[in-house]
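Enquirer: Following this message is one structure expressed as structure tokens.
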Amino acid sequence: MKLAIAGGTGTVGAHVVDVAHERGHEVVVLSRSAGVDLVDGSGLSAALSGVDAVIDVASTQTVSAKESTAFFDAVTGNLLAAEFEAGVGHHLALSIVGIDKAPHAYYAGKVKQERIIHAGTVPWTILRATQFHEFAGQIRSQMSFGPVSIIPKMVSQPIAAREVAERLIDLAEKSPAGRVADLGGPREERMAEMVRGYARTIGARGLVLELPIPGAYGRAMRDGTLVTTTDSDHGRQTFGQWLAAREQ
């Protein structure tokens, strides 16, 4: 198959590209370095020539609902329009567990993304997953002020990005399936403890403070909205195992 990966240089996207290559697929990475701008759509038509399926794992770093919605509105609309023009038969998007119950901040954009896909003319599959193990390091970097890291009180169910990538390629190799079973990690974790564990692994010192975020967005982080339910699928590698692998 010929697969196009939007966001193929990101945390999960790089794994998606690797897994696709390992399985013998031809891969096109949709990125600015390859002459493709997902936000304004330039270069997309040419890049999608002969593509069988598009896997969209593109993201943006913002907590603004307005900015997130604008990004996913533009990117998803441009991808679907170019896919229809090129005759692509499958649009596969990675989304986030629980966003319909917490359509705030960054998640507002993901809700918009799903709505556009539902209303589009390209056959589709949506996989919702929980946060990746790498999120602990990302949030620590974003929320550290000198020796202090202020981490939101949050229940997470982290999963290996590699396992998400494997599931995405599994789905790309099949026919469009609509909304498929959610995918989460093997166990629930407190984000503050994840950050502490990550800091120990990289030899970083400092204080990690856990504070609740006010409002509906913060409540969703704390009450289990963003973790899977009993009818979901689960990965194998725990966060602790992922940390141990980094030390080897």
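Enquirer: If only one of Ala20, Ala4, Ala58 is in a strand (DSSP E or B) and small (Gly, Ala, Ser), which one is it? So that I can check it myself, show each step before the final result.
Expert: Details: Ala20 fails: in a strand (DSSP E or B); Ala58 fails: in a strand (DSSP E or B).
So the residue among Ala20, Ala4, Ala58 that is in a strand (DSSP E or B) and small (Gly, Ala, Ser) is Ala4.
Enquirer: Please give the number of the condition Ser45 fails out of (1) in a loop (DSSP other than H, G, I, E, B); (2) open to solvent by 20 Å² or more (accessible area, probe 1.4 Å); (3) at pLDDT below 95.
Expert: (1)
Enquirer: Among the listed residues Asp100, Asp37, which satisfies the condition of being farther than 28 Å from Val155 by Cβ, free of Cβ contacts under 8 Å to residues at least 24 places away in the same chain and of a type in the set (Asp, Glu)? Reasoning before the result, please.
Expert: Values: Asp100 fails: farther than 28 Å from Val155 by Cβ.
None of the other options fit; the residue is Asp37.
Enquirer: If you scan the stretch 100-145, which residues turn out to be among the polar types (S, T, N, Q), touching a helix residue (DSSP H, G or I) at 6+ places or on another chain (Cβ under 6 Å) and within 20 Å of Asp170 (Cβ to Cβ)? Explain how you work it out, then say what you get.
Expert: Initially, the stretch 100-145 is screened for residues among the polar types (S, T, N, Q), giving 113, 121, 125, 130-131, 138, 141-142, 144.
From what's left, touching a helix residue (DSSP H, G or I) at 6+ places or on another chain (Cβ under 6 Å): 113, 121, 125.
Correct list: Thr125 only.
Enquirer: On to the next question. Looking at this structure, is Glu67 crowded, with 22+ Cβ neighbours inside 10 Å, charged (D, E, K, R) and more than 26 Å from Trp242 (Cβ to Cβ)? First the steps, then the outcome.
Expert: Values: crowded, with 22+ Cβ neighbours inside 10 Å: no; charged (D, E, K, R): yes; more than 26 Å from Trp242 (Cβ to Cβ): yes.
Here the answer is no, as Glu67 does not meet what is asked.
Enquirer: Sticking with this one: Restricting attention to the stretch 121-146, which residues are in a loop (DSSP other than H, G, I, E, B), under 17 Å from Val227 (Cβ atoms) and open to solvent by 20 Å² or more (accessible area, probe 1.4 Å)? Break it down into steps so the answer makes sense when it comes.
Expert: The initial filter retains those residues of the stretch 121-146 that are in a loop (DSSP other than H, G, I, E, B), namely 121-123, 130-131, 133-134, 143, 146.
From what is left, the residues that are under 17 Å from Val227 (Cβ atoms) are 130-131, 133.
Within the stretch 121-146, Gln131 is the sole residue that qualifies.
Enquirer: Output the number of residues of the stretch 163-182 satisfying the condition of being surrounded by 15 or more Cβ atoms within 10 Å (Cβ to Cβ) and either touching a residue at least 60 places away in the same chain (Cβ under 8 Å) or charged (D, E, K, R) (or both).
Expert: 12
Enquirer: Further, regarding this structure: Looking at Ala93, Ala74, can you tell me which residue is small (Gly, Ala, Ser) and either in contact with a Gly (Cβ under 9 Å, 6 or more places away or on another chain) or assigned to a helix (DSSP H, G or I) (or both)? Show your work before the answer.
Expert: Working: Ala93 fails: either in contact with a Gly (Cβ under 9 Å, 6 or more places away or on another chain) or assigned to a helix (DSSP H, G or I) (or both).
Sole residue among the options that is small (Gly, Ala, Ser) and either in contact with a Gly (Cβ under 9 Å, 6 or more places away or on another chain) or assigned to a helix (DSSP H, G or I) (or both): Ala74.
The values are calculated or read from the model by the stated rules, or taken from the named source; none is laboratory data. This is a predicted model, so every value here is computed, not measured. Every residue, glycine among them, receives a Cβ derived from its backbone with ideal geometry; neighbour counts consider all protein chains shown. Note: accessible area is taken over every heavy atom of the protein model, side chains too, but ligands, DNA and RNA are not part of it. Shrake-Rupley method; radii C 1.70, N 1.55, O 1.52, S 1.80 Å.
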